[in-house]
Amino acid sequence: MCAVHSERHPVSSDDILDDYYTRPQLAAVLHKSERTLKRWDDERVGPPITYNGRDSLYRKASTHDWMRAKEQTRDRRRRRS
């Protein structure tokens, strides 16, 4: 057994994965399709992604940071031409 994961401090994969969304989970949260998330990944415009083999995982905190970074303030006055 690895020294980091001793019998005194067992770590299950569920504990580690609790901090991540799968692509289907994030698609549901963002009300987007999985295909859109894949396209964002290909274009490098979406939230940061981690790969675990073939699985795409999105760390929840990083996804929230990505959303905050996309915030925009808009001037409420309408511009006239």
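Quick notes on this one:
- Stretch gain in nm, segment Lys60-Asp19, where the contour uses 0.36 nm per residue and the Cα spacing is subtracted: 14.2 nm
- Footprinting exposure proxy for Tyr20, Tyr58 (fewest neighbouring C-beta atoms within 10 Å first): Tyr20, Tyr58
- Paramagnetic label zone (point 7 Å from Cα along Cα-to-C-beta, Asn52; backbone N under 15 Å) in segment 17-41: 17-26
- Karplus-derived HN-Hα couplings along segment 59-73 (A = 6.51, B = -1.76, C = 1.60, θ = phi - 60°), whole Hz, x at Gly and Pro: 5, 4, 4, 5, 5, 5, 4, 4, 5, 4, 5, 7, 4, 10, 9
None of the figures in this text is laboratory data; all of them are computed from the coordinates on show. As the structure is a prediction and not an experimental result, all values here were calculated from the model. Reconstructed Cβ throughout: ideal geometry from the backbone, glycine too, with neighbour counts over all protein chains shown.
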